[in-house]
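Everything below concerns the one structure shown next.
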Amino acid sequence: MRILVGSWFELPSLGRETFLALMKLGVRYEKGMGFKFDSDTSIEAAVRLLQDALAEEVRLSLRCYVCGVEACSACAYLEHCDRRRVSPLCLCEKHATGEGGYETYMHTFRNNLI
Amino acid sequence: MWVEKYRPTRLEEMVGNEDVRAKLVAWLRKWKEGNKAVILVGPPGTGKTTLVHLAAKECEMNLVDLNASDARTKEKLVKRIGEAVSTTSLFGERTLIFLDEVDGLSGRADYGAIEFIKQAIKSSKNPIVMAANDHDADQVAKLSDIAVPLRFRPPPPREMELYARSIIEKERLRIPDDTLRQYVTKSRGDIRSLINSVQSYRDRPGEGYKDNYLPAAQALNSFFDATDAKLAFEALRMVTISPVEKVRSVFTSVVNSGLPPMELSKSLEVLSRADMLLGNILRSQEWRQLRYLDGLLANELSRAIGGRGVTYREERFPWPVQLRVWNDSKKSKEIARRFAIRTRTSARSAAAEDLLYLLYLCGNKRFRDQLIRGLDLEEGFEKFLAKEGKMMVEGDST
């Protein structure tokens, strides 16, 4: 199963106890939308729990902070980046390596702050 | 030093934890008397302290900061932050009170540090932000009902690279992409380490990254294979995981190794002592003692298991097992609590001294029924007590 951190995803029914454990780990749930991992989620523990409950591997992808697209495809750090432990937003290829990337990043943060 | 030269001076210059940075500023701007505090929890070197300093600047607040592990008692805290808690400036400017490393505070009730902070948060005329490295520390748990936790994590590698490139550009330095990526990967989310590597490249371009650390699996397998204490000690010093994870991983590896009973028993005895030592270190925050922890494992555990085919297992129990352990532990605590009330002792001493005997005696159905009635235990406890009692009686007879 693949989860894009910061985006809604669906899960099959895993029982009340697993649901409560996910909530305790800070996984967000909204009826009609599904589940979401965000900065308040204990992502590492939630992934372990889901892997055990689903009996399948859970792979995480991060979103680009600047443009919101999935950022992990074609990333040079894909093998070395522990996405369960790092902060949950990243940068896509364009905004990580393009000219003026750092300025764009700072500008985005400043805009989001206001 | 480039670490100082390029220390962020505005919030947007930091990388990683974007949501947390924005949330802290929003919280500070909306803060009113009587609001909860905030506790930033995350590993060292990820920028918690820098964030608080920059957030105070962003919100035009004065800052009073204190490393809580240097002022562990109520008296010291009152002296250092008492005034900031109870006063505002003449012109209504707020002061941000920052208590760093609160997981280093004394947990002892008679020192009163935690109680003082709780009271201070309720009555403070200024916002209080705390920071802690260890999410599982008792002190963090004790503060959780009056402080909003914000998790701090290492920035992802691409953001680290972006930050490093901004410095490289300003310094007009040329570093091959491969080398920079190697620095980013090896720095493992520690920006300071990355900047130091980039700076040392400028000074000695031919020199590669000097890595003194190994992944847990590699280092612990070297530890298990070591044939003498010195090699075992060196292997343990190279592990990148936290001391708690280290002890748990060694424990998990040992219990799953199929060691003969005598060796297993000796190993578990050493691990039990290591666990107690680690508990003392975490409580006292005397991190220098960590070398004794590694020494204990290297000298005594390695002697019992060295070269006997133990291999690294990730510290991990399946979810159903974790759930069972949590539920059982909840029941044990509840029994100890009720027993303490009935016998007018402390819950702590009931749990530490009496519970074991109670569970042993619960192997006898008559006693079990009497205990359930006497402590007014609910339905689910009968099954738990029967299981524990049976296990303890059987364990005793073998």
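The values are calculated or read from the model by the stated rules, or taken from the named source; none is laboratory data. Nothing here was measured: the structure is a model prediction, and the numbers come from that model. No Cβ is skipped: glycine too gets one built from the backbone with ideal geometry, and neighbour counts run over all protein chains shown.
Considering (1) modelled with pLDDT under 85; (2) within 14 Å of another protein chain (Cβ to nearest Cβ); (3) touching a strand residue (DSSP E or B) at 6+ places or on another chain (Cβ under 8 Å), the lone condition that B:P156 does not fulfil carries the number (1). In this entry, B:L99 passes the filter for residues that are touching a residue at least 12 places away in the same chain (Cβ under 8 Å) and either closer than 18 Å to B:R153 by Cβ or buried (at least 22 other Cβ atoms within 10 Å of the Cβ) (or both). Selection over the stretch A:83-114 of residues that are surrounded by fewer than 14 Cβ atoms within 10 Å (Cβ to Cβ) and either more than 9 Å from chain B (Cβ to nearest Cβ) or under 12 Å from the mean Cα position of the chain (by Cα) (or both) gives a count of 5.
Under the condition of being out of contact with any Pro (no Cβ under 9 Å at 6 or more places or on another chain) and touching a residue at least 40 places away in the same chain (Cβ under 8 Å), the residues counted in the stretch B:172-206 number 6.
Would you be able to say whether some residue in the stretch A:21-31 is surrounded by fewer than 18 Cβ atoms within 10 Å (Cβ to Cβ), aliphatic (A, V, I, L, M) and either more than 9 Å from chain B (Cβ to nearest Cβ) or closer than 13 Å to A:G6 by Cα (or both)? Yes, that holds for at least one residue.
Pairing each residue of the stretch B:322-336 that is within 14 Å of chain A (Cβ to nearest Cβ) with any residue that is of a type in the set (F, W, Y) and surrounded by fewer than 18 Cβ atoms within 10 Å (Cβ to Cβ), provided the two are 6+ apart or on different chains, yields C-beta distances under 8 Å for B:V325/B:F317.
Tell me, which residue of the stretch B:265-323 that is surrounded by 14 or more Cβ atoms within 10 Å (Cβ to Cβ), modelled with pLDDT of 85 or more and acidic (D, E) is farthest from the chain's Cα centre (by Cα)? Among those residues, the one meeting the criterion is B:E300.
Looking across the stretch A:73-114, the residues that are under 23 Å from A:I3 (Cβ atoms) and touching a residue at least 40 places away in the same chain (Cβ under 8 Å) come down to A:R83, A:R84, A:R85, A:S87, A:P88, A:L89.
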